[in-house]
Amino acid sequence: MMETVLITGAGSGFGRLTALDLARLGYRVIAGVQIWPQAWQLRQEIAAAGLENIEVIKLDLFDEIDVAHALRYDIDVLFNNAGVAHSGTLTDLPMSRLRANFESNVFAPMELTKGFIRRMAARGSGKIVFNSSDAGLQTPPFGGAYSATKYAIEAIAATLREELKPKGISVATVQPGFYLTGFNDTALEASTYWYDPETAILPGWEPPFTLVGQEDPQNMVDVIVKVITGEITTYRNVFPPSMEHETREAQAAEWDLTV
């Protein structure tokens, strides 16, 4: 019997590619997208690929009707992929943006997750995969808000991993590095909507990275698919390997930081 995987944020990026690849492997996929135009577009792509085992649903995590509809599905795996990034210095970032980032990346996914946990626990099986980030393991300047949400996801995932073991539910995380999905580009652009050098505490601040050198997202999707299917069994999955090395070094260096 084919397993059923529900994916949030399947309208673009990692979510979209993961949905298509899992369907090609024979999994039944429930692809949740935020808005109706994304649903139409993904359905066209699915039809062109001749895939019949993907169902596209509207799943705006802030829409209680959408969430209630999604929770009707009996799934084996939940891939919490949907998320946004608000960039800019944490010093000057409007509090509304910081709150919004936590609502999108932490509280809304957690509400959906808790709904499925109840079903999985009653059944005695299931898997939850969180799309975290290397930014949840090290903190880059200019990305403090997003990083904080991913640190929260790391804590949530680690806690659920221990809590849900007795219920037969496994938990895993994936931590993508710098990939060309459009996510980094829009995250960087987001700060231009509110940043004002005339009123900023840190005027003239420039992000410590460029958009050059982003990697092919398919490489990360291959890892995500293997984590979902169980071919990869490690709890934490930072990719590419160079990013894992960088992250380990950054974490080790934190122990020697001074005030």
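Just a few scattered comments:
- Within segment 115-140, being closer than 21 Å to residue 190 by Cα and small (Gly, Ala, Ser) holds for 132, 133, 135, 136.
- Some residue of segment 118-135 being aliphatic (A, V, I, L, M), out of contact with any Ser or Thr (no Cβ under 9 Å at 6 or more places or on another chain), surrounded by fewer than 22 Cβ atoms within 10 Å (Cβ to Cβ) and in a helix (DSSP H, G or I): yes
- Residues located in segment 86-117, provided they are in contact with a Ser or Thr (Cβ under 9 Å, 6 or more places away or on another chain), surrounded by 21 or more Cβ atoms within 10 Å (Cβ to Cβ) and modelled with pLDDT of 95 or more: 101, 105, 109, 112
- Identification of helices (runs of 4 or more DSSP H) wholly contained in segment 168-259 with 3 or more residues that are over 30 Å from residue 120 (Cβ atoms) yields 183-190, 241-254.
- Condition met for residue 76 (buried (at least 17 other Cβ atoms within 10 Å of the Cβ), charged (D, E, K, R), at pLDDT 95 or above and touching a strand residue (DSSP E or B) at 6+ places or on another chain (Cβ under 8 Å)): yes
- Among residues of segment 97-116 that are within 16 Å of residue 194 (Cβ to Cβ) and free of Cβ contacts under 8 Å to residues at least 12 places away in the same chain, none has a Cβ under 7 angstrom from a residue that is outside any helix (DSSP H, G or I) and hydrophobic (A, V, I, L, M, F, W, C) at a sequence gap of 6+ or on a separate chain.
- Restricting segment 1-11 to residues that are part of a strand (DSSP E or B) and touching a Gly at 6+ places or on another chain (Cβ under 8 Å), the residue that is surrounded by the most Cβ atoms within 10 Å (Cβ to Cβ): 7
- Criterion (aliphatic (A, V, I, L, M), surrounded by fewer than 15 Cβ atoms within 10 Å (Cβ to Cβ) and farther than 24 Å from residue 102 by Cα) met by exactly one of 19, 47: 47
- Enumeration of residues in segment 23-44 that are closer than 17 Å to residue 70 by Cβ, surrounded by fewer than 15 Cβ atoms within 10 Å (Cβ to Cβ) and either without any contact (Cβ under 8 Å) to a residue 24 or more places away in the chain or not aliphatic (A, V, I, L, M) (or both): 36
- In segment 139-157, residue surrounded by the most Cβ atoms within 10 Å (Cβ to Cβ) [restricted to those that are in a loop (DSSP other than H, G, I, E, B) and not polar (S, T, N, Q)]: 143
- Matching option when the condition is under 19 Å from residue 237 (Cβ atoms) and not charged (D, E, K, R), among 156, 201, 117: 156
- Residue count for segment 157-206 under the criterion of being under 28 Å from residue 240 (Cβ atoms) and within 22 Å of the chain's Cα centre (by Cα): the result is 27.
- Check on residue 159, among the hydroxyl-bearing types (Ser, Thr, Tyr), more than 22 Å from residue 226 (Cα to Cα) and either at pLDDT 90 or above or in contact with a Ser or Thr (Cβ under 8 Å, 6 or more places away or on another chain) (or both): yes
- Inter-residue pairs, beta-carbon under 8 Å, first among the acidic types (Asp, Glu) and in segment 54-71, second buried (at least 16 other Cβ atoms within 10 Å of the Cβ) and part of a loop (DSSP other than H, G, I, E, B), 6+ apart: 60/34; 66/59; 66/60
The values are calculated or read from the model by the stated rules, or taken from the named source; none is laboratory data. Remember, it's a predicted structure, so these values are computed and weren't measured experimentally. All Cβ positions, glycine included, derive from the backbone under ideal geometry; neighbour counts span all protein chains shown.
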